[in-house]
Amino acid sequence: MRIANLITEEMIINELKAKDRDGALREMVNFLQEKQKINNASELLEKLIQRENLGSTAVGEGVAIPHCKIAGLNNPILVLALSKKGVSFGSADGKPTSIFFLLISPSDNPSLNLQILAAIAQLIRKAASLPKKILAAKSSRRILEIIREEEEKIYE
């Protein structure tokens, strides 16, 4: 499973305005609502906050993977959101989070959710320079190219 195949240019938020966890989640959910990708923004936000309250999805290195499952969804939704200033997201290393892979999966396909989470985690773990390259990119198109290039190296 390749992350570059799941993200499109229109699903990249180049700069979050939020400074805290709930604000960042709200901004990403509102983005999905504006794009007409979801039906119930308040339910989605509540599920994401509940998931974060179980334990932060910030994996360190400035990256977080907030995620949840929603009923009635046909395909997974993946948003890539950036914050050059960083967001306080409760990461184990205590550092601000700058890159968010927000994953919303169909609740009737839990294995797909796990496959995508594993692919994101592998990309982050194996492409050590990925966060720096993404944050330095000047366009959504370039961000996708970087992800594709890094995945090519992993899956050669």
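Please treat every number below as a calculation from the coordinates, not as lab data. Everything numeric in this text was worked out from a predicted model, so none of it was measured. Neighbour counts are summed over all protein chains in view; Cβ atoms, including those assigned to glycine, are modelled from backbone coordinates with ideal geometry.
Observations on the structure shown:
- Per residue, the convex hull spanned by the alpha carbons of region 52-155 comes to 108 Å³.
- Region 40-139: relative contact order as a whole-number percent, Cα under 8 Å and 6+ apart: 27 percent
- Sparse-neighbour loop sites [chymotrypsin sites (Phe, Trp or Tyr not before Pro); region 36-139; at most 13 other C-beta within 10 Å; DSSP]: none
- MRE, 222 nm, helices only [DSSP H, n ≥ 4, -39500 (n - 2.57), over the chain, to nearest 500]: -13500 deg cm²/dmol
- Its relative contact order, with pairs defined as Cα atoms under 8 Å and 6+ residues apart, puts region 73-128 at 35 percent.
- Distance cut-off 13 Å, percentage of C-alpha pairs in region 115-156 lying past it: 51 percent
- Euclidean distance of C-alpha centroids, region 59-124 and region 1-29, integer Å: 9 Å
- In region 27-112, the trypsin sites (Lys or Arg not before Pro) that fall in loop regions by DSSP, at most 15 other Cβ within 10 Å: Lys35
- Of Lys17/Lys126; Lys19/Lys84; Lys35/Lys95; Lys95/Lys132; Lys17/Lys85; Lys69/Lys126, pairs whose Cα-Cα distance is over 19 Å: Lys17/Lys126; Lys35/Lys95; Lys69/Lys126
- Here is the list for region 88-156: trypsin sites (Lys or Arg not before Pro) lying in DSSP coil, each with at most 13 other C-beta atoms within 10 angstrom of its C-beta, are Lys138.
- Lys/Arg +1, Asp/Glu -1 at C-beta; the chain dipole; positive extreme among Val59, Ile134, Pro110: Ile134
- Amide N proximity, region 100-129 versus Glu149 label position 7 Å along Cα-to-Cβ, cut-off under 13 Å: 129
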